[in-house]
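For reference, the structure is listed below as structure tokens.
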Amino acid sequence: MTARPFRMERDMSKNESHPQPAPRSHAILRGGALALALIALDAGAAQNLTITYYDVQGGNLQELRASLNARGPVGKDGARHHGHVDWHVGWNYDYAPRGVGCRIGKLRVDVKATMLLPRWTGVDTAPASLQEEWERYSQALRVHEDGHAAHADQAAEEIQRRFAAVGGGMRCTQLGEELNRIGQAVLDDYAARDKQYDETTEHGATQGARL
Ligand SMILES: [Zn+2]
């Protein structure tokens, strides 16, 4: 089980990201009758997004860029970025023997994402034209980061779909291993999509996230 949920963004077009969604998988094996009553998957995912800010300062574009580059969070690549999304998808299920096989009982897939964005502390006293440019940039950066956060939701939905499609016939230990293998594969896939998204958008630059 790897546990490195991470995404980082940067202003320049050479940003690198480190999407490393972390699985939190917990298999709970319960006694037969209890879980057998719940063969139908009781699945639900709900995105839980928290947004936090770091402060930047400046009286003109050049100063703002310098502040962003100095104060943006440092990614695992050692470079500073302007935005950051950290997402986790975890799953819980219980299962129980049924005949020679095993069936999933309750299934729950949880999503949690944290977004870090810049906040310009001097915006209220800045010239209108600079405020407008900041607003444009901020909205574009948010759009870009939302694209990463959406991957968390999509990963959770895919995990639910693929868990539901797992056939019977496996023993419970095998079933547990299979579910975790599937879940991890989906997380790996979406980590790759995050990376591809950054390559395609140049870390948001093509979406306007450039000041
Ligand atoms: Zn990005």
- Which numbered condition Gly169 fails, given (1) small (Gly, Ala, Ser); (2) within 12 Å of the ligand (Cβ to nearest atom); (3) surrounded by fewer than 20 Cβ atoms within 10 Å (Cβ to Cβ): (2)
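Can you confirm whether the range 73-86 contains a residue that is small (Gly, Ala, Ser), loosely packed, with under 13 Cβ neighbours inside 10 Å and at pLDDT below 95?
Looking through the range 73-86, at least one residue is small (Gly, Ala, Ser), loosely packed, with under 13 Cβ neighbours inside 10 Å and at pLDDT below 95.
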- What pairs can you find where one residue is in the range 132-160 and closer than 19 Å to Tyr54 by Cα and at pLDDT 95 or above, the other is away from the ligand (no atom under 15 Å from the Cβ) and small (Gly, Ala, Ser), and their Cβ atoms are less than 9 Å apart, with a gap of 6+ or different chains? Trp134/Ala126
- Any chance Ala150 is within 15 Å of the ligand (Cβ to nearest atom), surrounded by 15 or more Cβ atoms within 10 Å (Cβ to Cβ) and of a type in the set (Gly, Ala, Ser): yes
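I'd like to know if the range 128-139 contains one or more residues that are within 16 Å of the ligand (Cβ to nearest atom), out of contact with any Asp or Glu (no Cβ under 7 Å at 6 or more places or on another chain), under 30 Å from Lys195 (Cβ atoms) and hydrophobic (A, V, I, L, M, F, W, C).
Within the range 128-139 (the criterion being within 16 Å of the ligand (Cβ to nearest atom), out of contact with any Asp or Glu (no Cβ under 7 Å at 6 or more places or on another chain), under 30 Å from Lys195 (Cβ atoms) and hydrophobic (A, V, I, L, M, F, W, C)), the answer is no, since none of the residues qualifies.
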- State which residue is nearest to the ligand (Cβ to nearest atom) when the search covers only the range 182-207 and only residues that are of a type in the set (Gly, Ala, Ser) and modelled with pLDDT under 95. Gly204
- When every residue in the range 51-72 that is surrounded by fewer than 13 Cβ atoms within 10 Å (Cβ to Cβ) and more than 17 Å from Arg142 (Cα to Cα) is compared, the one farthest from the ligand (Cβ to nearest atom) is Gly59
- Could you check how many residues of the range 87-111 are crowded, with 17+ Cβ neighbours inside 10 Å and in contact with a Cys (Cβ under 8 Å, 6 or more places away or on another chain)? 3
- A careful count of residues in the range 158-211 that are over 28 Å from Ile104 (Cβ atoms), among the hydrophobic types (A, V, I, L, M, F, W, C) and part of a helix (DSSP H, G or I) gives 1
- Which one of the conditions (1) modelled with pLDDT of 90 or more; (2) within 24 Å of Asn92 (Cβ to Cβ); (3) of a type outside the set (Phe, Trp, Tyr) does Met170 fail to meet, given that it meets all the rest? (1)
- Query: How about the range 126-157: which of its residues are out of contact with any Phe, Trp or Tyr (no Cβ under 8 Å at 6 or more places or on another chain) and farther than 22 Å from Arg210 by Cα?
  - Reply: Asp153, Ala156, Glu157
- Query: Just to be sure, is Ala155 of a type in the set (A, V, I, L, M, F, W, C), in a helix (DSSP H, G or I) and surrounded by fewer than 18 Cβ atoms within 10 Å (Cβ to Cβ)?
  - Reply: no
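The values are calculated or read from the model by the stated rules, or taken from the named source; none is laboratory data. Note that the structure is a prediction, hence the values are computed from the model and not measured. Note that each Cβ is placed from the backbone with ideal geometry, even for glycine, and that neighbours are counted across all protein chains shown.
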